[in-house]
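For reference, the structure discussed in these notes is given below.
Computed from the coordinates by the stated procedures, all read-outs in this text should not be read as laboratory data. Since the model is a prediction, treat every value here as computed from it, not as a measurement. For neighbour counting, all protein chains shown are included, and Cβ atoms are generated from backbone atoms with ideal geometry for every residue, glycine included.
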Amino acid sequence: MREVRLRPYTADDAARFDAMPQEPEGVDFFGYRRTNAFAARYARDGFLGEDHGGLAVDVDGAGYVGDVQWFALHHGPKGVARALNIGIELLPEHRGRGYGTAAQRLVAEYLFATTTIERLEAGTDLENVAEQRALTKAGFVREGVLRHAWFRAGAWHDQVLFSRLRGDPSPA
Ligand SMILES: CC(C)(COP(=O)(O)OP(=O)(O)OC[C@H]1O[C@@H](n2cnc3c(N)ncnc32)[C@H](O)[C@@H]1OP(=O)(O)O)[C@@H](O)C(=O)NCCC(=O)NCCS
């Protein structure tokens, strides 16, 4: 497989994302976004804020293939029970080639190396078999189902929750 890397976003990435057409299918998924949303976020913190971050996924010979992101959440008192929830989206033409598995391994390694976080989480639709397989292969453990945990495309969807703890075995 080609080498997969994570890298910080650039101002050019942000301008390119803002210029992308917003298709009706995208609206079906989560809704329209502001047309300067990426430039504004890039100007604020380069997409690497304390409680919310993201990196571009690059593949040798193919360039930019998608994104990984994370945000902080708390299962108890703030400052005591903080976790990071990760997400990923690859461009459709780059799916099914192992890049999603590799990128989620890399983002876990990156977050464990650069923060003191103990627990990473990831949630996905119950029907999203590819993401569940990719997370498992990236060292995440399935915890259970959150019923009607998120709203998209006009309906509530069940979400499967996965986690990876700092001390969990690294995937082979
Ligand atoms: C989900 C996603 C990140 C997975 O990454 P990927 O690079 O496409 O997946 P990989 O090539 O690493 O494959 C991971 C596993 O899923 C399987 N898989 C891939 N596409 C599949 C599909 N459409 N249906 C079922 N299984 C699939 C692979 O066979 C592999 O399992 P295996 O090792 O047992 O054969 C990617 O497809 C994507 O970005 N999808 C759209 C956004 C999304 O669903 N994000 C997830 C969080 S909401």
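Would you work out the relative contact order for region 4-165, in percent, from Cα pairs under 8 angstrom that are 6 or more residues apart?
On the way: 254 pairs, mean separation 30.1, N = 162.
About 19 percent, as a whole number.
Under a crude label model (7 Å from the Cα following the beta-carbon direction), how far is Val141 from Thr114 in nanometres?
Taking the two extended label points, one gets 2.7 nm.
In whole Hz, with x marking every Gly and Pro, tabulate ³J(HN,Hα) for region 60-74 from phi via Karplus 6.51 cos²θ - 1.76 cosθ + 1.60, θ = phi - 60°.
Using θ = phi - 60°, the values come out as 3, x, 10, x, 5, 10, x, 9, 10, 9, 8, 9, 8, 9, 10 Hz.
From the phi of every residue in region 148-164, what ³J(HN,Hα) in whole Hz does the Karplus formula 6.51 cos²θ - 1.76 cosθ + 1.60 yield, where θ is phi - 60° and glycine or proline is x?
For region 148-164, the Karplus-derived couplings read 6, 7, 9, 10, 7, 6, x, 8, 7, 10, 6, 10, 8, 9, 10, 9, 9 Hz, x marking Gly and Pro.
What does the highest-first list of 132-139, 44-51 look like by mean Cβ count within 10 Å?
Numbers: 132-139: 19.5, 44-51: 12.1.
The peptides rank, most packed first, as 132-139, 44-51.
Give, as ranges by residue number, the residues of region 48-66 whose backbone N falls under 19 Å from the point 7 Å along Cα→Cβ of Ala40.
It comes to 48-54, nothing else.
At q = 0.10 Å⁻¹, what log₁₀ I(q)/I(0) does region 4-165 have when each alpha carbon counts as one equal point scatterer in the Debye sum?
Taking Cα atoms of region 4-165 as identical point scatterers yields -0.38.
For region 103-169, what are the per-bin percents of Cα-Cα distances with bins 10 Å wide, up to the bin holding the maximum?
Calculated over all Cα pairs of region 103-169, the distribution is 21, 47, 27, 5 percent.
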